[in-house]
Amino acid sequence: MQNLEPLESHYDMRQCPVFDWGLADAVGMRETKPKIERICLLGKAAIDGEQLNFSFPSKGFQLLALLAVSDNRSKGRKEIASLLWSSAPDALALTNLRQLLARIRKLFGDESKELLRIGQTEVSLGPGHHRIDVCEFLSLCKDKSKSAAARAFALYQGELLQGSQFGAEDEFSGWLSHARAVLRDQFLFVATSLLMELTRLGRAPKDELDSIARQMLAVGSESEATYRTLIEAYARNGMTSVAKQTYESLARMLRDEYGVAPDSETEAVARRVFFSPRVETDIADVPTKTDWHPRVAFLLPEWVSGTGQSVLLKALISDVANELARYRSFVVLGPHTSFQVDHEFGIPQSNDILRADYTISGFCRGEDSGDVLSLRLAKCDTGEIVWSAEFAFRHADLLQSSRLLSARVSSSLATALEKDMLDGAGGKDSVGAYFHFLEGLGQMSFCDLPHLRRARKSFQASIGADSDYASAHAGLARSLLLEWLMRGADVPDLVVSARKHATLAVQLDPNDARALCVAATIDMYQHELEDGLRKYIEAESLSPNSGDLLVEHANALACSGEAAVGLEKFERAIWLNPMPPDDYWWAGASIAFNADELDTAIQYCSNMQNDEAVLRVMTASYALSGDLEKAKECGRRLRESYPGQTAIDMVGITPDRDRSVTERFLEGLRIAGIE
């Protein structure tokens, strides 16, 4: 009887007919049974709840683990007894099981009926099984949603019954090893799904990815599959350098622990991520404009005739310098310093202090009709005069007209400076860059993958001719973004690369409305709507009559819950561009759908030469408007175009702030047969 678990002596006072329970409550004698809130089997076994002033038997945790992992959460009494007491005779093992069940009933009272269902031949978990973390974990693993994956990931706090010690010959030990492997595989599958979802937009926070990576490696530190998953996840998020570090860690671990190299599957992943031509590399590898900018110095002009006032002339030149300082392609030195430098015909006698690349010098002369300001722009290294101009003004009106005059002078100077800088940019084929850029714009008029890919090649050729061409980077970013959307937002490389080129385009030319617009659109689709709306407003202030920009801004407004305003802005874009390219109608259909103008959305879709891009919104619009025949036909085409994608996957692309719009979209797809 040494294997028999002893029961504590217990006399149930409820069976005494003369016992006064009201008096027992008053004097604190009535027993308070515990309330179970949570039973943790993943990691160190524990029970959370109220009034848990007892020690739960280890065999009880083993019993719950057996039932939680088993099919239908049920096992026969004989099988349970043989696993928990494998060294005992069958009769004794069954007696021990009865004693264990009685002890659990004693500890939990009525709560035990919620936890366990005890039959003549089998034991099952009761309706309260959801309180056991393993049961909830396995249930969540069957759910395909991001929230379920995140919850399942959080539940896995360690191996099943982690820290429990069992003999090697113990049958339960063998069962536990198998069960742990099953749960470990489930966890890694959930973690992989979570990583795929987090990196779908290519904007997952690095600390989140690192946290998931640490937990995955803690569970599967010797699994190449785990490392492969992490390498691909970091690469999908645009973190190629981190992906390389992960690959190197794997190679080092395999070499040190097993004396082998990564297997062929891992090498294939590495070639695809690092070595094969990709859409783009890390931003550090993207050509960026040099930090060097030409230095421009104003030298003090003088009056050569007349009675002009030197103070006013200094003020005028200082104002011109301030105007020029707004430009980002060159640096304007402070006039207070440069005015003090001696020069001969515009060339400093000593350039050690200024280190100027260009100087602006000149003089003023008085004439009968007014005064004339003569200026010249010279290169300091060669003394070559690359620009000169005269500006007439009336001295008496100088105070009133100085702002206009300074604007005229600065604009003319800036044009001359930038032209000379462009002419001197060695190794750049500006004509060729512009030609390829226009070629790419022409391809972008069509919303299908072949044209988008041809546009991408043209923009890349333009950048090859001039790596600092902001508009070409913006065009490339837009082509990549549209291809990402066309492919169901399932290739994060595309949107990550699009963001890099859009960011670079804005850095190269902050006043390029096209670049700002593309950057704003990428913000919107990566669910950073507020940042995107700010960029749209800035871009529209730079180019208020651009139909392209108005369409994108209108779409963003519709996604932010202002569909009616967005539709008005879209109609203005059509007024400005009455025969637009397909991408106008694509955006217009989405805006009209958000505004619940289903007939309008369908009409906009029909205006497209190729409706492949609007299959989703067209399917939902037909379904919700009651035309089930056309909805089913569109749904069939949609399944063929995006095999394996669910309705939830398809609506996940839309960045709508108003969740009712997303729910309506989802309803339409499901009516059309997309599950």
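The values are calculated or read from the model by the stated rules, or taken from the named source; none is laboratory data. Just so you know, these numbers come straight off a predicted model, no measurement behind them. All Cβ positions, even for glycine, are placed from backbone atoms using ideal geometry, and neighbour counts span all protein chains on display. SASA here: full protein model, heavy atoms, side chains in, ligands and nucleic acids out. Shrake-Rupley method; radii C 1.70, N 1.55, O 1.52, S 1.80 Å.
Look through the stretch 522-559, keep the residues that are of a type in the set (Ser, Thr, Tyr) and at pLDDT below 85, and return whichever of them is farthest from Leu481 (Cα to Cα).
Step one: filter the stretch 522-559 for residues of a type in the set (Ser, Thr, Tyr), giving 525, 536, 541, 543, 546.
Right, trim to at pLDDT below 85 and you get 541, 543, 546.
Details: Ser541: 24, Ser543: 22, Ser546: 20 Å.
Within the stretch 522-559, the match that is farthest from Leu481 (Cα to Cα) is Ser541.
Looking at (1) more than 18 Å from Ala613 (Cβ to Cβ); (2) crowded, with 23+ Cβ neighbours inside 10 Å; (3) modelled with pLDDT of 90 or more, find the lone condition where Ala461 falls short.
Failing condition for Ala461: (2).
Residues being open to solvent by 70 Å² or more (accessible area, probe 1.4 Å), under 16 Å from Asn577 (Cβ atoms) and not in a loop (DSSP other than H, G, I, E, B): count how many of those fall in the stretch 538-566.
1
Mind checking whether some residue in the stretch 563-570 is under 23 Å from Phe437 (Cα atoms) and of a type outside the set (Gly, Ala, Ser)?
If we filter the stretch 563-570 for residues that are under 23 Å from Phe437 (Cα atoms), which is where we start, we get none.
No: the stretch 563-570 contains no residue that is under 23 Å from Phe437 (Cα atoms) and of a type outside the set (Gly, Ala, Ser).
Restricting the search to the stretch 230-252, which residues are open to solvent by 30 Å² or more (accessible area, probe 1.4 Å) and out of contact with any Gly (no Cβ under 8 Å at 6 or more places or on another chain)?
If the condition is that a residue be open to solvent by 30 Å² or more (accessible area, probe 1.4 Å) and out of contact with any Gly (no Cβ under 8 Å at 6 or more places or on another chain), then Glu232, Met239, Ser241, Lys244, Gln245, Tyr247, Glu248, Ser249, Arg252 are the ones that fit.
Just to be sure before I move on: is Ser406 farther than 30 Å from Thr654 by Cβ, open to solvent by less than 30 Å² (accessible area, probe 1.4 Å) and at pLDDT below 70 in the structure I sent? So that I can check it myself, show each step before the final result.
Working: farther than 30 Å from Thr654 by Cβ: yes; open to solvent by less than 30 Å² (accessible area, probe 1.4 Å): yes; at pLDDT below 70: yes.
Yes, satisfied.
Under the condition of being open to solvent by 50 Å² or more (accessible area, probe 1.4 Å) and under 16 Å from Leu313 (Cβ atoms), which residue from the stretch 346-371 is modelled with the highest pLDDT?
Phe363
Being under 23 Å from Val614 (Cβ atoms) and of a type in the set (A, V, I, L, M), is that true of even one residue in the stretch 531-548?
No, the stretch 531-548 contains no residue that is under 23 Å from Val614 (Cβ atoms) and of a type in the set (A, V, I, L, M).
When Phe570 is evaluated against the numbered criteria (1) touching a residue at least 24 places away in the same chain (Cβ under 8 Å); (2) crowded, with 17+ Cβ neighbours inside 10 Å; (3) touching a Leu at 6+ places or on another chain (Cβ under 8 Å), which criterion, by number, is the only one it fails?
(1)
Is there any pair linking a residue in the stretch 240-265 that is within 16 Å of Asp210 (Cβ to Cβ) to one that is polar (S, T, N, Q) and assigned to a loop (DSSP other than H, G, I, E, B), with Cβ under 8 Å and at least six apart or on different chains, and which?
Cβ pairs passing all conditions: Thr240/Thr281.
Among the residues of the stretch 99-111, are any of a type in the set (S, T, N, Q), touching a helix residue (DSSP H, G or I) at 6+ places or on another chain (Cβ under 7 Å) and either closer than 28 Å to Arg180 by Cα or at pLDDT 85 or above (or both)?
No, the stretch 99-111 contains no residue that is of a type in the set (S, T, N, Q), touching a helix residue (DSSP H, G or I) at 6+ places or on another chain (Cβ under 7 Å) and either closer than 28 Å to Arg180 by Cα or at pLDDT 85 or above (or both).
Every residue, every condition in (1) of a type in the set (S, T, N, Q); (2) more than 36 Å from the chain's Cα centre (by Cα); (3) at pLDDT below 75, yes or no:
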{"position": "Lys289", "(1), (2), (3)": "no, no, yes"}
{"position": "Val304", "(1), (2), (3)": "no, yes, yes"}
{"position": "Ile317", "(1), (2), (3)": "no, yes, no"}
{"position": "Pro335", "(1), (2), (3)": "no, yes, no"}
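Looking only at the stretch 250-278, count every residue that is closer than 21 Å to Met196 by Cβ and either in contact with a Lys or Arg (Cβ under 6 Å, 6 or more places away or on another chain) or part of a helix (DSSP H, G or I) (or both) and tell me the total. Don't jump to the end; show me each part of the working.
Step one: filter the stretch 250-278 for residues closer than 21 Å to Met196 by Cβ, giving 250, 265-266, 268-274, 276, 278.
Restricting the remaining residues to those that are either in contact with a Lys or Arg (Cβ under 6 Å, 6 or more places away or on another chain) or part of a helix (DSSP H, G or I) (or both) gives 250, 265-266, 268-274.
Looking only at that region, the number is 10.
Can you confirm whether Tyr584 is in contact with a Gly (Cβ under 6 Å, 6 or more places away or on another chain) and of a type in the set (Ser, Thr, Tyr)? Let's see the steps before the verdict.
Details: in contact with a Gly (Cβ under 6 Å, 6 or more places away or on another chain): no; of a type in the set (Ser, Thr, Tyr): yes.
Spelling it out, it is not the case that Tyr584 is in contact with a Gly (Cβ under 6 Å, 6 or more places away or on another chain) and of a type in the set (Ser, Thr, Tyr).
Yes or no, residue by residue, for (1) under 21 Å from Ala225 (Cβ atoms); (2) hydrophobic (A, V, I, L, M, F, W, C); (3) free of Cβ contacts under 8 Å to residues at least 12 places away in the same chain:
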{"position": "Ser145", "(1), (2), (3)": "no, no, no"}
{"position": "Leu161", "(1), (2), (3)": "no, yes, no"}
{"position": "Ser164", "(1), (2), (3)": "no, no, no"}
{"position": "Asp170", "(1), (2), (3)": "no, no, no"}
{"position": "His178", "(1), (2), (3)": "yes, no, yes"}
{"position": "Ala181", "(1), (2), (3)": "yes, yes, yes"}
{"position": "Arg184", "(1), (2), (3)": "yes, no, no"}
{"position": "Leu188", "(1), (2), (3)": "yes, yes, no"}
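Which one is least open to solvent (accessible area, probe 1.4 Å) among residues in the stretch 209-223 that are part of a helix (DSSP H, G or I) and modelled with pLDDT under 90?
Val219
Residue by residue through the stretch 578-589, note down the ones that are closer than 23 Å to Arg659 by Cβ and free of Cβ contacts under 8 Å to residues at least 40 places away in the same chain.
Listed by number, the residues that qualify are Ala587, Gly588, Ala589.
Could you please find all residues in the stretch 587-611 being under 25 Å from the mean Cα position of the chain (by Cα) and open to solvent by 30 Å² or more (accessible area, probe 1.4 Å)?
Across the stretch 587-611, the qualifying residue is only Ser590.
Taking only pairs six or more apart or across chains, which ones have beta-carbon atoms under 6 Å, a first residue in the stretch 445-466 that is touching a residue at least 60 places away in the same chain (Cβ under 8 Å) and on the phi < 0 side of the Ramachandran plot, and a second residue that is open to solvent by 40 Å² or more (accessible area, probe 1.4 Å) and of a type in the set (D, E, K, R)?
Between residues of the stretch 445-466 that are touching a residue at least 60 places away in the same chain (Cβ under 8 Å) and on the phi < 0 side of the Ramachandran plot and residues that are open to solvent by 40 Å² or more (accessible area, probe 1.4 Å) and of a type in the set (D, E, K, R), the close pairs are Asp448/Glu612.
Matching residues to (1) closer than 28 Å to Glu540 by Cβ; (2) modelled with pLDDT of 90 or more; (3) part of a loop (DSSP other than H, G, I, E, B):
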| residue | (1), (2), (3) |
| --- | --- |
| Ala433 | yes, no, no |
| Gly442 | yes, no, no |
| Arg456 | yes, yes, no |
| Ala472 | yes, yes, no |
| Pro510 | yes, no, yes |
| Cys517 | yes, yes, no |
| Ala520 | yes, yes, no |
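Can you name the residue in the stretch 560-573 that is touching a helix residue (DSSP H, G or I) at 6+ places or on another chain (Cβ under 7 Å) and among the hydrophobic types (A, V, I, L, M, F, W, C) and, of all such residues, is modelled with the lowest pLDDT?
Per the criteria, the residue is Ala573.
For the list (1) open to solvent by 10 Å² or more (accessible area, probe 1.4 Å); (2) over 19 Å from Pro205 (Cβ atoms), I need the number of the one condition that Leu529 fails.
That leaves (2) as the condition not met.
Within the stretch 75-95, which residues are surrounded by 14 or more Cβ atoms within 10 Å (Cβ to Cβ) and either among the acidic types (Asp, Glu) or under 22 Å from Leu42 (Cα atoms) (or both)?
Lys75, Glu79, Ile80, Leu83, Leu84
Output yes when any residue across the stretch 508-525 is over 26 Å from Gly561 (Cβ atoms), surrounded by fewer than 23 Cβ atoms within 10 Å (Cβ to Cβ), of a type outside the set (Asp, Glu) and out of contact with any Asp or Glu (no Cβ under 8 Å at 6 or more places or on another chain), and no when none is.
Yes; the residues of the stretch 508-525 include at least one that is over 26 Å from Gly561 (Cβ atoms), surrounded by fewer than 23 Cβ atoms within 10 Å (Cβ to Cβ), of a type outside the set (Asp, Glu) and out of contact with any Asp or Glu (no Cβ under 8 Å at 6 or more places or on another chain).
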